[in-house]
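Below is one structure, written out as structure tokens, with a few remarks after it.
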Amino acid sequence: MRILMLGINYWPEDTGIAVFNTGRCEFLAAQGHDVTMCTGFPYYPVWRLASAYRGRVFAREARHGVEILRSYVYVPQRVTSVARVLHEASFIASATLRAIGTERPDVLLTVSPPLGLAATAGLLSRAWGIPYVFHVPDLQPDAALDLGMLPAGRFTQLLYGVERLAYRNAALVSTLTEAMQERIVAKGIAREKVVRFPDWADPAFFDVPRPGGAARFRETYGIGDRFLVVHAGNMGVKQGLDVVLDAAHLSRDRPEILYLLVGDGAMRRPLELRARRMGLTNVQFLPLQPRDVFLDMLAATDVGLVTQQDVVADVVFPSKVLTWFAAGRCVLAAVRATSEVARVVRAAGAGGVVQPGSPRALVDAIVAVRADGATRRTMAKNARAYAREHWSRERILPAMAEALIRVGGGKRAGGGDQPAVSGATGRVAVGALTATRTPMATTSTATTTASAPNT
């Protein structure tokens, strides 16, 4: 089957949506499908165009069986709401031109954000007479409005109009979690049309800790035996990371606790400046780490943090949750109590949930889990067990492939028409994306990571 995927983020970007776009494409290619990825030049999460791509409009690459067609994307120096709109518009325009010149695929998989790629998907779908699947790991209009990044008005009405057309014209709408699925259904989309293509946990995280890794990381960064509380991933508006700095200020009389913020994003610089102004000696910032160092950092972590602004709730599901769980770390989630993140942490018995934006609640929870090592170790064990059961790549990716085959008319690798579900490969229930007895091909993963998408 010939598959064309559209998405702004891809390898060598090593956080967030790019990791999963790359993983899906490479898995499909490893299964024998003809896969082309139309994407932008690498820029995320540092919001700086990689030097190798500066001054270019288009580029063609190949990696692990995937043809990669890159096109221009405007990368603003300062990420404002207006700049982000221009950023996304530039990619939508260039990606449309790039995709039009490709060979007609059997199915189109489009990843939002940017939401405006729905227009490209609709155009190509009609021109080629093919179906498209619209994958939504981030409910972008809801997030922008809830976070105050865009005011209510004609522009947001336009965004919601684009969203409705994208959902209604798609053969399938996919998202990450049941809560996000329900939110899309509540927008008037038929339940049987909305499915889940979940993210998955990197298999290497299940092997944490590696021998000597924790000690190596602690020695390198002078951490010693301090209790290490870590945020890893994107530092954007959604995360509400000011609560970590405020918690560090409240616990400044506890030098045994160290807060480590690892990654990059639009809010990193403001957070560093604020930490400096506050004189916080119990907070350290690190950039994205090479993969081996990142694995050592996971081993050294005592508590993994997941923070969200209260208004975010179920418009995203941070991939850092999968990272902490698979690595067997106790998790503290400063999120809305009714959110999917809170539900998962409680269901797994993997840690605690505290009020978002409350530094006192966060400090109290950190002090409590530090004092009870036995409970913390049980939570860590529970987290890994939950990740193995729910976020196994060997289960998730074959089910996704089966759903695409079904939408594409039953064409399997090599172009042959076969039933979308057969006894030889097991069964697939598209609504829940449950697959059995489907062989898993070896795929590559990004060479470095600090987890978490635009979340």
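The values are calculated or read from the model by the stated rules, or taken from the named source; none is laboratory data. Keep in mind that this is a model prediction, so the values were computed, not measured. Ideal geometry is used to build each Cβ from the backbone, glycine not excepted, and the neighbour counts take in all protein chains shown.
Tabulated data
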{"quantity": "Qualifying positions in the stretch 208-223 - over 23 Å from LEU362 (Cα atoms) and assigned to a loop (DSSP other than H, G, I, E, B)", "calculated": "VAL208, PRO209, ARG210, PRO211, GLY212, TYR221, GLY222"}
{"quantity": "Residue that is nearest to ALA368 (Cα to Cα) [pool: residues in the stretch 244-283 that are assigned to a strand (DSSP E or B) and not aromatic (Phe, Trp, Tyr)]", "calculated": "ILE257"}
{"quantity": "Options ALA374, ALA333, ALA337; residue that is under 30 Å from SER174 (Cβ atoms), in the same structural domain as VAL243 (by TED's automatic domain parsing), among the hydrophobic types (A, V, I, L, M, F, W, C) and not in a strand (DSSP E or B)", "calculated": "ALA337"}
{"quantity": "Qualifying residue in the stretch 97-116 (condition: of a type outside the set (Phe, Trp, Tyr), in contact with a helix residue (DSSP H, G or I) (Cβ under 9 Å, 6 or more places away or on another chain) and closer than 26 Å to PRO270 by Cα)", "calculated": "yes"}
{"quantity": "Of residues in the stretch 30-67 being outside any loop (DSSP other than H, G, I, E, B), among the polar types (S, T, N, Q) and in contact (Cβ under 8 Å) with a residue 12 or more places away in the chain, the one nearest to ASN9 (Cα to Cα)", "calculated": "THR39"}
{"quantity": "Subset tally (residues that are among the polar types (S, T, N, Q) and under 27 Å from the mean Cα position of the chain (by Cα)) for the stretch 203-252", "calculated": "2"}
{"quantity": "Scope the stretch 69-83; condition without any contact (Cβ under 8 Å) to a residue 40 or more places away in the chain and surrounded by fewer than 18 Cβ atoms within 10 Å (Cβ to Cβ); matching residues", "calculated": "TYR74, PRO76, GLN77, ARG78, THR80, VAL82, ALA83"}
{"quantity": "Hits in the stretch 284-301 (condition: part of a strand (DSSP E or B) and at pLDDT below 95)", "calculated": "PRO290"}
{"quantity": "Matching option when the condition is touching a strand residue (DSSP E or B) at 6+ places or on another chain (Cβ under 8 Å) and either not in a loop (DSSP other than H, G, I, E, B) or not assigned by TED's automatic domain parsing to the domain that holds LEU362 (or both), among GLY240, GLY304", "calculated": "GLY304"}
{"quantity": "Which numbered condition ASP292 fails, given (1) free of Cβ contacts under 8 Å to residues at least 24 places away in the same chain; (2) closer than 29 Å to SER81 by Cα", "calculated": "(2)"}
{"quantity": "Filtered residue count, the stretch 199-235, keeping only those that are farther than 15 Å from ASP296 by Cβ, out of contact with any strand residue (DSSP E or B) (no Cβ under 8 Å at 6 or more places or on another chain) and crowded, with 17+ Cβ neighbours inside 10 Å", "calculated": "3"}
{"quantity": "Residue in the stretch 178-191 that is within 17 Å of LEU397 (Cα to Cα) and either part of a strand (DSSP E or B) or among the acidic types (Asp, Glu) (or both) present", "calculated": "no"}
{"quantity": "The listed residue being closer than 24 Å to PHE197 by Cβ, under 29 Å from the mean Cα position of the chain (by Cα) and modelled with pLDDT under 90, out of ALA424, ALA420, ALA403", "calculated": "ALA420"}
{"quantity": "Selected residue (criterion: nearest to GLU256 (Cα to Cα)) from residues of the stretch 364-375 that are surrounded by 20 or more Cβ atoms within 10 Å (Cβ to Cβ) and touching a residue at least 40 places away in the same chain (Cβ under 8 Å)", "calculated": "ILE366"}
{"quantity": "Selected residue (criterion: farthest from the chain's Cα centre (by Cα)) from residues of the stretch 68-120 that are in a loop (DSSP other than H, G, I, E, B), closer than 13 Å to MET5 by Cα and among the hydroxyl-bearing types (Ser, Thr, Tyr)", "calculated": "THR102"}
{"quantity": "Matching option when the condition is out of contact with any Lys or Arg (no Cβ under 6 Å at 6 or more places or on another chain), surrounded by fewer than 24 Cβ atoms within 10 Å (Cβ to Cβ), among the aliphatic types (A, V, I, L, M) and under 30 Å from MET180 (Cα atoms), among LEU271, LEU280, LEU298, LEU332", "calculated": "LEU271"}
